[in-house]
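Everything on this sheet refers to the single structure shown next.
The values are calculated or read from the model by the stated rules, or taken from the named source; none is laboratory data. This one's a predicted model, so the numbers in the text were calculated from it and none came from an experiment. No Cβ is skipped: glycine too gets one built from the backbone with ideal geometry, and neighbour counts run over all protein chains shown. To get the accessible areas, we keep the full protein, side chains included, count just its heavy atoms, and leave off ligands, DNA and RNA. Shrake-Rupley method; radii C 1.70, N 1.55, O 1.52, S 1.80 Å.
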Amino acid sequence: NYISPEWILFVNFVLIQMKAKKSYGQHFLKEEPIAQRIAESLQLQNQYTDILEVGPGMGMLTKYLLRYEPAHTVTVVEADADMVSYLQTHYPNLTPHIIANDFLDVNLGAHFSGQFALIGNFPYNISSQIVFKMLEYKAQIPEMVGMFQREVAERIAARPDCGEYGVLSVLAQAFYEPKLLFYVKPGSFNPPPKVQ
């Protein structure tokens, strides 16, 4: 059968590139093994079944967290409306568990009646505030795994005889046992951050 060329419709599919926004402190992790390693760092004790991811972006870490379902329910909190739309499109089953809001403004007690694990590739501009929020809800958050700027992570885990030891160290260590897990190079992100 001959089809006249004027009847042939050509469709050009264009991959949508989501750009990181400075206002949200976004640096997207682009290495799968690192995302998997972060997800597998959760202890997930038997007393809780919920996992809350902060700032999932395009879901690089989320896809590995979803492997814990159905034993654990994954919820994400995302402030960027573009990222929320992306997640709804690419992870439709996650849609009922997307909190479209700034994590620092979320009343966690209204979303979780029991305990939950907190995890995320945290935006550098609010990472200390995320720790303070975790401390505010310490009765509900028995564990947290987070990607931090190196200086912040070292401050959280600093020992009393160390120069980095300070308010963040004292408060975090009063209720938790922080441990540095591993370092990630700036080139593992898009765009690469100017910090370690």
Accessible area of Ile38 in the full protein assembly, 1.4 Å probe (Å², nearest 10): 10 Å²
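Which FRET efficiency value, to the nearest 0.05, do you get for Asn46 and Asp102 by plugging their Cβ-Cβ distance into 1/(1 + (r/R0)^6) with R0 = 41 Å?
Values: r = 31 Å, r/R0 = 0.77.
Working from the Cβ atoms, E equals 0.85.
Add -39500 (n - 2.57) for each DSSP H run of 4 or more in the chain, then divide by its residues: what number comes out at 222 nm, to the nearest 500 deg cm²/dmol?
Details: 7 runs with 54 residues, N = 196.
Computed ellipticity for the chain at 222 nm equals -7500 deg cm²/dmol.
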What does the accessible area of Ser113 come to, in Å² to the nearest 10, when a probe of 1.4 Å is used? 130 Å²
Could you work out how much longer the chain between Glu164 and Glu32 gets when fully extended? Use 0.36 nm per residue separation minus the Cα distance between them, nm to one decimal. 44.4 nm
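Kindly sort Arg150, Arg159, Arg67 by accessible area of their heavy atoms, largest first, with the probe set to 1.4 Å. Provide the component values of the computation, followed by the final result.
On the way: Arg150 95, Arg159 130, Arg67 160 Å².
Largest accessible area first, the list is Arg67, Arg159, Arg150.
The chain: longest stretch without exposed chymotrypsin sites (Phe, Trp or Tyr not before Pro) (DSSP loop, at most 14 other Cβ within 10 Å), sites themselves excluded? Walk me through the numbers on the way to the answer.
Working: sites that count: Tyr2, Phe10, Phe13, Phe182, Tyr183.
After excluding every exposed loop site, the longest remaining stretch is 14-181.
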Here Rg/Rh (Cα, Kirkwood) for the chain equals 1.07
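Can you tell me how much longer the chain between Glu151 and Ala71 gets when fully stretched, taken as 0.36 nm per residue apart minus their C-alpha distance, in nm with one decimal?
On the way: separation 80, 0.36 × 80 = 28.80 nm, distance 3.47 nm.
In short, 25.3 nm is gained.
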Output the relative contact order of the chain, whole-number percent, from Cα pairs under 8 angstrom with separation of 6+ residues. 22 percent
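Taking all protein chains in place and a 1.4 Å probe, what share, in percent, of the accessible surface of the chain do carbon and sulfur account for?
In the chain, the share of accessible area belonging to carbon and sulfur is 53 percent.
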Estimated vicinal HN-Hα couplings, Hz - the range 179-196 in sequence order (Karplus 6.51, -1.76, 1.60; Gly, Pro = x): 9, 6, 9, 6, 9, 10, 6, x, x, 7, 10, 10, x, x, x, 8, 10, 8
Let me cross-check Val152: its accessible surface, 1.4 Å probe, with only protein heavy atoms counted, in Å² to the nearest 10? 10 Å²
